[in-house]
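K.L.:
My questions all concern the structure below.
The values are calculated or read from the model by the stated rules, or taken from the named source; none is laboratory data. From a predicted model like this one, the values you see are computed outputs, not experimental measurements. So basically every Cβ, Gly included, is an ideal-geometry build from the backbone, and we count neighbours across all protein chains shown. Quick note on the areas: whole protein, heavy atoms, side chains included, nothing else; ligands and nucleic acids left out. Shrake-Rupley method; radii C 1.70, N 1.55, O 1.52, S 1.80 Å.
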Amino acid sequence: MPDAEQAGVTGWGGLLDPGGSPPPQARSPAQMQYVRGMSQPADSPRRPSRANGASDAPESAAGNRAAAQRLKMRRELSAAAMELFATKGYEATTVDEIAAAGGVARRTFFRHFRSKEEAIFPDHDDTLVRAEAVLNAASPHEHPLDTVCRGIKEVMRMYAASPAVSVARYKLTREVPTLREAEIASVARYERLFTRYLLGHFDEHDHRDDNDDPLLAEVAASAVVTAHNHVLRRWLRAGGQGDVETRLDHAFAIVRDTFGTGIGAGRTADRASAAPAASVSRSGDVLVTVARTDAPLDEVMRTIEEALKNR
């Protein structure tokens, strides 16, 4: 199966190979706040809140143990599937054989996976939750593109946690079209998540011709994912060797330099009437900076750096 570069295909679609997935509709702004997509469970009215802390602790611990056991079983079944695929071939391997190799019944296998294709991609659901948690916990002063870069690092950490398995998985997905499609469909959710996050900072009802924010948000989200995929593919082709996080930071720096100052550029009318994020005055060898309390830290730092360069 040819790689993205060999096929000459543009656009994203997966961590291993490009494809296509339409971005969601833009969200309305929330004063540079992320419009969170994960619903939060309502507190139960039947128990007072003070009692919940003590009574829910054992339940929470039990839930954590159950989740850990479930993840352990999924990984064991995934490892068994990968070994069988490598020795017998993907098409010749059955679900019953994977279950037997994992020491469980067929019915137990289907509690964890819907098919043998799904068995080699056990961690995307959990990783998507962790990536979204990074977005949800982001400081309002952090540039949203930096937040997205931090979020997708959770995906790279998933692959880097088991290099041998990740390399074997990559080789297998290149050989089996069904697995290739399953991987693309699974990881396309990351780009949708990051696009929603960036679009959540802009006004979907601002339809002025000079407002390029929605376009920039979608292009920037795709650029972050593409940069990540490029580094990931090179790392996998190298057998999972090398400092992948340093390479990833370098790729993100390129994306940040290209798109970081462009996001929000379409709101020219709003910016013309608004006070600058920060201003600098000079007295001899001393610089005095005055910044708005809601000013993004990166804009304040750029203002200071420019003043220092021009002294």
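K.L.:
Would you please name the residue that is nearest to Val255 (Cα to Cα), looking only at residues in the range 231-245 that are open to solvent by less than 50 Å² (accessible area, probe 1.4 Å) and of a type in the set (A, V, I, L, M, F, W, C)?
P.N.:
Val231
K.L.:
So, one more: Do the conditions hold for Thr173, that is, is it closer than 18 Å to His124 by Cβ and open to solvent by 40 Å² or more (accessible area, probe 1.4 Å)?
P.N.:
no
K.L.:
Moving on. Which of the numbered conditions does Arg196 fail, given that it passes all the others? Conditions: (1) more than 30 Å from Thr93 (Cα to Cα); (2) assigned to a helix (DSSP H, G or I); (3) open to solvent by less than 20 Å² (accessible area, probe 1.4 Å).
P.N.:
Every listed condition holds for Arg196 apart from (3).
K.L.:
Also: I want to confirm something. Restricting to the range 242-260 and keeping residues that are small (Gly, Ala, Ser) and farther than 17 Å from Glu299 by Cα, which single residue is nearest to the chain's Cα centre (by Cα)? Working first, answer last.
P.N.:
From the range 242-260, those small (Gly, Ala, Ser) are 242, 251, 253, 260; that's our starting set.
From what's left, farther than 17 Å from Glu299 by Cα: 242, 251.
Details: Gly242: 22, Ala251: 15 Å.
So the residue we want is Ala251.
K.L.:
Going through the range 116-132 one residue at a time, which ones are open to solvent by 30 Å² or more (accessible area, probe 1.4 Å) and within 13 Å of the chain's Cα centre (by Cα)?
P.N.:
Asp125, Asp126, Leu128, Val129, Arg130 - these are the residues of the range 116-132 that are open to solvent by 30 Å² or more (accessible area, probe 1.4 Å) and within 13 Å of the chain's Cα centre (by Cα).
K.L.:
Then there's this: I'm checking my understanding of the structure. Among residues of the range 38-84 that are over 24 Å from Asp123 (Cα atoms) and of a type in the set (Lys, Arg), which one is modelled with the highest pLDDT?
P.N.:
Result: Arg50.
K.L.:
Moving on to the next point. Anything in the range 91-102 that is in a loop (DSSP other than H, G, I, E, B) and open to solvent by 70 Å² or more (accessible area, probe 1.4 Å)? List them, or say none. Even if it seems obvious, please write down each step before you answer.
P.N.:
If we filter the range 91-102 for residues that are in a loop (DSSP other than H, G, I, E, B), which is where we start, we get 91-94, 102.
Within the range 91-102, Glu91 is the sole residue that qualifies.
K.L.:
Name the pairs whose Cβ atoms lie under 7 Å apart, with the first residue in the range 181-197 and under 15 Å from Ala220 (Cα atoms), the second not in a helix (DSSP H, G or I) and not hydroxyl-bearing (Ser, Thr, Tyr), and 6 or more positions between them or separate chains?
P.N.:
Glu191/Trp12; Arg192/Pro23; Arg192/Pro24; Thr195/Pro23; Thr195/Pro24; Arg196/Pro24; Arg196/Arg27; Arg196/Gly37
K.L.:
Which residue, of Ala182, Ala217, is open to solvent by less than 40 Å² (accessible area, probe 1.4 Å), at pLDDT below 90, in a helix (DSSP H, G or I) and within 26 Å of Thr93 (Cβ to Cβ)?
P.N.:
One residue alone meets the criteria, Ala182.
K.L.:
Since Thr258 meets every condition but one in (1) without any contact (Cβ under 8 Å) to a residue 60 or more places away in the chain; (2) touching a helix residue (DSSP H, G or I) at 6+ places or on another chain (Cβ under 6 Å), which condition does it not meet?
P.N.:
Thr258 satisfies every listed condition except (2).
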